[in-house]
1. PRE reach from A:Y30 (point 7 Å along Cα→Cβ): which of the range A:161-181 fall under 19 Å by backbone N?
2. How many nm is it between the label spots at A:I238 and A:F45, if each spot is 7 Å from the Cα in line with the beta carbon?
3. Of A:I275, A:L134, B:T85, which is farthest along the charge dipole of the protein assembly as shown in the positive direction, counting Lys and Arg as +1 and Asp and Glu as -1 at C-beta?
4. What percentages make up the Cα-Cα pair-distance distribution of the range B:122-234 when the bins are 10 Å wide from 0?
5. With chain B treated as a Gaussian network of Cα nodes joined by springs under 10 Å, which of B:N133, B:N58, B:N108 yields the largest mean-square fluctuation?
6. Semi-axes of the equivalent ellipsoid for the range A:271-390, please: Cα gyration tensor eigenvalues, times 5, square-rooted, ordered largest first, whole Å.
7. Along the positive direction of the dipole of the protein assembly as shown (beta-carbon charges: Lys, Arg +1; Asp, Glu -1; about the Cα centre), which of A:A355, B:V32, B:Y173 reaches farthest?
8. Classify chain A: rounded, prolate or oblate, from the alpha-carbon gyration tensor (a ≥ b ≥ c, eigenvalue square roots; a/c under 1.5 rounded; otherwise prolate if a/b is larger than b/c)?
Amino acid sequence: MESKPKGKPEDLGPDAVLLQPIVATRSSFYILTMVFLGFTSLSCFAYLYQLRWGLGVTGLNVPMYWGIYITNFVFFIGISHAGTLISAILRICHAEWRRSITRAAEVITVIVLFFGVGSIIVDLGRPDRLLNVLLYPNFRSPLLWDVCSVSVYLMASSIYLYLPLIPDIAILRDYGGKYTWLYRLLALGWSGSERQQRILNKAISVMAVLVIPIAVSVHTVVSWVFGMTVQPMWHSTIFGPYFVVGAIFSGIASLIIAMALIRRIYFLQEYFKDIHFSHLGTLLMVFALLWFYFTFAENLTTFYGHEPAHLQVFYSKLTGRFAPLFWTMVVTCFVIPAGLLFHRRIRTVRNTVIASFSVLIGMYLERYTIVVPTLSLPRVPSDTVFYTPTWVEISITLGFGATFIFLYMLFTKFFPIVSIWEVQEGRKVALREARERIEAYTPHPTAGDLGTLETAQD
Amino acid sequence: MPRWGMVIDLAKCTACQACVVACQAENNVPCVEPEQAAKGRIISWLSVLPDLKGQYPNVLMRLMPLPCLHCDEPPCIRVCPVGATGITPEGIVRQTFPRCIGCRYCTNACPYTRRSFNWRLPDFPGELVQALNPDVSVRPKGVVEKCTLCHHRLLRAREQARAEDRPLAVGDYVPACVEICPAEAMYFGDLEDPNSKVSELAESARAFRYLEELGTEPKVVFLSEGEWAGGEQT
């Protein structure tokens with residue numbers, strides 16, 4: 001049916017390396033797949049066990065009704081801010097260095113959202129009645145706001161991932177390797193005509209603008225699940241922005257880690273250059289400072305207000321039984337990343353990646369020290385019991401993490417993880433656009449020499 | 001329309017726990033094995049809680065029987081995503097067991113921690129199966145349950161009154177905990193009726209509402225003990 005095969009890899013020039021992961025699969029991929037799917041089956045077994053015996057197989061108790069499932073939920077939804085938000089903001093700002101990293105970010109969003117939603121379902125005592133949420137919705141419940149905003153977010157970010165993928169799918173279709181039928185279906189008849197190009201660019205910029213308020217709303221609403229109750233140290237107006245900042249913070253960290261792994265495994269040093277890591281490292285540093293500011297403001301207000309119920313939760317975190325977790329969080333969320341990123345000289349790729357791992361650990365602890373200490377100290381006297389996650393909860397958590405990484409890996413085997421057409425477009429138009437932009441705000445641009453960029457005109 | 005409420009006189013209460021046992025038996029609250037209880041998995045609609053005030057050595061301890069307080073502004077019903085809990089026109093905070101999805105948001109939103117969760121399949125060992133109250137449904141695993149003010153007793157009393165062609169009289173409807181109280185420390189009735197015992201006691205100088213500052217407007221009112229009268233102790 002094909003009129004003219006135009007997508008031979010040599011036509012792509014040096015970018016042909018981006019198709020390499022799809023064309024050839026090394027045996028290490030299959031080994032990793034086995035490992036990750038091993039964790040997946042472990043979590044399936046754990047969940048079936050929990051379904052059979054009830055939530056009694058977890059470490060949850062009275063009054064700690066929520067534990068690491070809810071922590072996972074907040075954490076995964078937070079990571080999902082990696083993609084969409086970062087890529088959308090960079091796109092809108094015309095940050096040229098975004099071109100090779102947006103795809104890697106957007107995929108994180110879409111895949112990790114499923115695990116955020118999954119964490120809530122795993123936490124339900126009666127998952128068989130999940131549809132009641134649609135049949136008998138109570139719109140006064142922040143949990144229902146969550147259902148609404150997360151599903152809108154999932155839809156919007158899927159579209160936002162898919163749109164810039166279309167021209168690349170067309171490349172794969174014309175290349176005529178495996179699964180050509182799938183690519184033909186997904187390419188929606190893309191021919192790269194000027195009209196199609198115009199519509200696509202329009203759609204991408206509309207989605208980029210749309211997706212930002214949706215992403216902000218999602219994590220705000222997640223925080224309101226806690227903030228709307230009257231429980232000590234949950235009932236806080238700062239929670240909305242605090243959660244959004246934390247979400248972007250952990251999102252950037254996971255993007256950096258994903259990029260470091262991809263560049264190493266698929267030899268994409270030309271696409272994820274050191275400068276990309278340096279820029280993202282700066283962004284991470286900014287959010288480490290923001291995170292510290294919010295944490296400080298939140299805790300100082302509680303301390304100064306001196307309300308007994310709030311204060312006992314406060315002290316359980318700062319000096320009590322949650323103190324080790326709390327201070328580890330402060331070190332991993334602020335001290336380590338700030339120390340590793342504050343100066344250009346030490347902001348190497350290795351240090352940026354170490355800082356990112358540290359931030360992920362710290363943000364997980366933050367979610368945990370938000371959920372559990374408040375529940376352990378209700379206003380009314382209660383039994384002093386300790387919450388320790390059981391093997392069921394830990395298996396499901398590990399399984400979720402492993403399955404997420406596996407699905408991400410799988411994506412790189414079907415679609416280019418670096419947007420080929422955007423990189424190519426960047427070579428053609430980026431210099432000219434940048435020049436026009438600079439000319440637009442330079443006073444008397446013709447008076448002096450703005451540089452010799454004329455070569456990029458064509 | 002009546003507004004059912006309860007008054008508990010802490011000066012009379014001996015903390016004998018008879019109300020707790022009566023509630024368990026009346027409402028088919030499942031038994032929990034000792035090792036589960038040690039993990040904090042007890043289901044209890046009504047428990048006698050120690051309430052400590054002050055710092056050692058000037059400590060005052062009182063024991064408070066604490067059922068669901070059936071707040072007029074309950075924080076729990078707002079947060080339920082499926083509307084499995086609500087408030088009846090007569091002010092009883094109800095729970096619809098077959099609709100509950102077990103997310104435990106209500107248990108976390110209740111500032112009094114008065115809601116329980118079925119961590120596993122309910123267990124009624126030995127003869128206890130024969131002692132089940134046929135008026136109250138046994139809850140499945142994975143749902144939240146709570147005090148209903150023995151709502152089934154209200155239904156039965158109303159049926160009885162209708163059969164006898166008379167209005168519901170005072171004392172027709174009394175929850176199990178109030179009925180059993182050997183010290184007669186618990187009173188139950190219609191808070192709307194200005195002549196009822198409960199509305200009279202609820203107005204007394206000794207009356208207080210637990211964690212009143214949260215604005216939940218509970219319909220279970222406590223009468224403070226003698227030494228607590230007048231409020232603060234030093």
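The numbers here are math on the coordinates, done by the rules we state, and not lab data. What you see is a predicted model; the values in this text were computed from it and never measured. Ideal geometry is used to build each Cβ from the backbone, glycine not excepted, and the neighbour counts take in all protein chains shown.
1. Within reach of a label on A:Y30, which here means backbone N under 19 Å from a point 7 Å along Cα→Cβ, the range A:161-181 contributes A:178-179.
2. The two pseudo-label positions are separated by 4.5 nm.
3. A:I275
4. Once binned at 10 Å, the Cα pair distances of the range B:122-234 give 11, 30, 32, 20, 7, 0.
5. B:N58
6. Numbers: eigenvalues 233, 47, 18 Å².
The three semi-axes for the range A:271-390 are 34, 15, 9 Å.
7. It is A:A355.
8. Details: a/c = 2.03, a/b = 1.51, b/c = 1.34.
Here chain A falls in the prolate category.
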